[in-house]
1. Identify the residue in the range 89-114 that is touching a Pro at 6+ places or on another chain (Cβ under 9 Å) and closer than 22 Å to Arg42 by Cβ and, among all such residues, is surrounded by the fewest Cβ atoms within 10 Å (Cβ to Cβ).
2. Just to check your reading of the model, which residue among Ser105, Ser65, Ser126, Ser51 is over 16 Å from His9 (Cα atoms), part of a loop (DSSP other than H, G, I, E, B) and under 18 Å from the mean Cα position of the chain (by Cα)?
3. Residue by residue through the range 47-88, note down the ones that are over 24 Å from Gly30 (Cα atoms), touching a Ser or Thr at 6+ places or on another chain (Cβ under 8 Å) and surrounded by fewer than 19 Cβ atoms within 10 Å (Cβ to Cβ).
4. All but one of (1) in the same structural domain as Glu8 (by TED's automatic domain parsing); (2) under 18 Å from Asn44 (Cβ atoms); (3) not aromatic (Phe, Trp, Tyr) hold for Asn117; which doesn't?
5. Tell me which residues, restricted to the range 13-36, are acidic (Asp, Glu) and at positive phi.
6. Only residues that are modelled with pLDDT of 80 or more and touching a Ser or Thr at 6+ places or on another chain (Cβ under 6 Å): list them for the range 20-46, please.
Amino acid sequence: MCHALGQEHEQSRTDRDNYVEMLWSNIQDGQGNVNMRKENTRDNHPYDLESVLQYSLGAFAIDTSRPTMRVLDPKLAFLADAATGLMYYDVRDITTVYQCTRGCSNPPNCLNGGFLNHRCQCYCPSGLTGNDCSQIQTDNSELENIFDQSVI
């Protein structure tokens, strides 16, 4: 779906070598693999390991027990292979490219990296909520569990 909307894979970005190392010796067809080649991309956001457009770290492996990409910052490696659908920057790019907010009148001022979505409401980064993304999202069940434990 994202390709039909003009999106490109994250590992095809021109700046990808700042974030992932390509392990060419384990990639089918090596540097000739069109799926792993760098392209002239419009990079409107930071490199997004969580993106649905980031291939898994073992994509196109010759030996499937070994990775084809390595995240340079090991603390962020858990983000790769985590996408379960369109992620924050995926939605932001599509909304921007297709001018989905063009018809919004009196839109809210989205804070903290939030952006206006196609419904003329703020789409907030993970962990934030509210009409303008100014509130921290909490899980009340965790709070209730803490209070229940304190009574014991």
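The values are calculated or read from the model by the stated rules, or taken from the named source; none is laboratory data. What you see is a predicted model, and the numbers here were worked out from it, not measured in a lab. Please note: Cβ atoms are built from the backbone with ideal geometry, for glycine as well, and neighbour counts cover all protein chains shown.
1. Of the residues in the range 89-114, the ones touching a Pro at 6+ places or on another chain (Cβ under 9 Å) are 89, 101, 112-114.
Now drop any that are not closer than 22 Å to Arg42 by Cβ, which leaves 89, 101, 113-114.
Numbers: Tyr89: 20, Thr101: 16, Gly113: 12, Gly114: 23.
Taking the candidates together, the pick is Gly113.
2. Ser126
3. Within the range 47-88, Ala83, Tyr88 meet the criteria.
4. The failed condition is (1).
5. Listed by number, the list holds a single entry, Asp29.
6. Matches in the range 20-46: Leu23, Asn26, Ile27.
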